[in-house]
Amino acid sequence: MSTFIHPSAIVDPGAQIGEGSKIWHFCHLMPGAIIGKNCSLGQNVFVANEVQLGQGCKVQNNVSIYTGVICEEEVFLGPSMVFTNVLNPRAGIVRKAEYKTTYLEKGVSIGANATIVCGLRLGQYAFVGAGAVLTKNAPAYSLWLGNPAKHVGWMSRAGHRLELNEEGQASCPETGENYQLQAGKLIAI
């Protein structure tokens with residue numbers, strides 16, 4: 001399995017790209033970027049210093065991943081979604097020392113044109129819908145929609161909306177995996 005880097009991509013010396021990853025047209029990876037194995041970066045993706053993408057991440061076209069973003073394995077970043085890295089930016093004030101860490105756990109999915117405000121943690125398999133603006137931490141398996149995004153339900157690992165019964169239980173319609181709501185948190189059982 002070999003790594004593919006399109007000739008139009010710019011990969012600065014010091015960037016690390018895992019085996020089997022694909023870097024497509026007009027991407028730019030800064031020197032401290034770390035890309036795991038079997039990742040795919042679509043057209044026009046920017047990856048800043050100190051960004052980490054775990055194995056199997058998929059980054060769609062026109063996404064900029066700024067310093068402070070860490071993605072575990074199998075994270076999906078939809079087309080033109082946005083990360084921020086400073087809470088109160090001003091062109092005339094340098095705030096690089098104020099960059100916030102944004103952490104996406106395994107299996108998180110971010111829809112097209114969604115915005116993730118910096119400094120948040122998104123739990124395993126959390127799902128942020130297209131166009132949503134996330135301003136709060138997202139628990140594992142949670143579904144967030146709207147602007148500002150609101151927690152509107154739960155999602156399975158396979159990406160299906162779960163319908164909880166009166167006991168707070170649900171099964172994924174695709175895999176049959178079972179889930180239980182306990183103390184406001186959804187867990188796979």
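The values are calculated or read from the model by the stated rules, or taken from the named source; none is laboratory data. Bear in mind the structure is a predicted one, so any value in this text is a computation, not a measurement. Heads up, the Cβs are rebuilt from the backbone with ideal geometry, glycines too, and the neighbour counts pull from every protein chain shown. Remember, those area values only see protein heavy atoms, side chains included, never the ligands or the DNA or RNA. Shrake-Rupley method; radii C 1.70, N 1.55, O 1.52, S 1.80 Å.
Give the number of residues within the range 120-143 that are of a type in the set (Lys, Arg) and either assigned to a loop (DSSP other than H, G, I, E, B) or farther than 29 Å from residue 169 by Cα (or both). Break it down stepwise before answering.
Looking only at the range 120-143, we keep the residues that are of a type in the set (Lys, Arg), and these are 121, 136.
Subsequent filtering for residues that are either assigned to a loop (DSSP other than H, G, I, E, B) or farther than 29 Å from residue 169 by Cα (or both) retains 136.
The qualifying residues number 1.
Okay, residues lined up against (1) part of a loop (DSSP other than H, G, I, E, B); (2) in contact with a helix residue (DSSP H, G or I) (Cβ under 8 Å, 6 or more places away or on another chain); (3) at positive phi:
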site	(1), (2), (3)
97	no, no, no
103	no, no, no
107	yes, no, yes
113	yes, no, yes
118	yes, no, no
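Just to verify a result, which residue in the range 5-36, among those that are of a type in the set (Gly, Ala, Ser) and in contact with a Ser or Thr (Cβ under 7 Å, 6 or more places away or on another chain), is surrounded by the fewest Cβ atoms within 10 Å (Cβ to Cβ)?
Out of the qualifying residues, it is 20.
Could you say whether any residue in the range 126-134 is open to solvent by less than 30 Å² (accessible area, probe 1.4 Å), out of contact with any Asp or Glu (no Cβ under 8 Å at 6 or more places or on another chain), farther than 21 Å from residue 57 by Cβ and touching a residue at least 12 places away in the same chain (Cβ under 8 Å)?
No, the range 126-134 contains no residue that is open to solvent by less than 30 Å² (accessible area, probe 1.4 Å), out of contact with any Asp or Glu (no Cβ under 8 Å at 6 or more places or on another chain), farther than 21 Å from residue 57 by Cβ and touching a residue at least 12 places away in the same chain (Cβ under 8 Å).
Out of all the residues in the range 159-175, is one or more exposed (fewer than 14 other Cβ atoms within 10 Å of the Cβ), in contact with a Cys (Cβ under 6 Å, 6 or more places away or on another chain) and without any contact (Cβ under 8 Å) to a residue 40 or more places away in the chain?
Looking for residues that are exposed (fewer than 14 other Cβ atoms within 10 Å of the Cβ), in contact with a Cys (Cβ under 6 Å, 6 or more places away or on another chain) and without any contact (Cβ under 8 Å) to a residue 40 or more places away in the chain, one finds none in the range 159-175, hence no.
Filter the range 74-97 down to the residues that are of a type outside the set (Lys, Arg) and either under 16 Å from residue 135 (Cβ atoms) or modelled with pLDDT under 95 (or both) and list them by number. Spell out how you get there, then give the answer.
Just the residues of the range 74-97 that are of a type outside the set (Lys, Arg), to begin with: 74-89, 91-94, 97.
Residues satisfying the conditions are 81, 82, 83, 84, 85, 86, 87, 88, 89, 97.
Looking at residue 105, is it open to solvent by 40 Å² or more (accessible area, probe 1.4 Å), within 13 Å of the chain's Cα centre (by Cα) and closer than 22 Å to residue 29 by Cα?
no
For the range 49-82, which residues satisfy the criterion of being open to solvent by less than 10 Å² (accessible area, probe 1.4 Å) and not in a strand (DSSP E or B)?
51, 57, 63, 75, 78, 81
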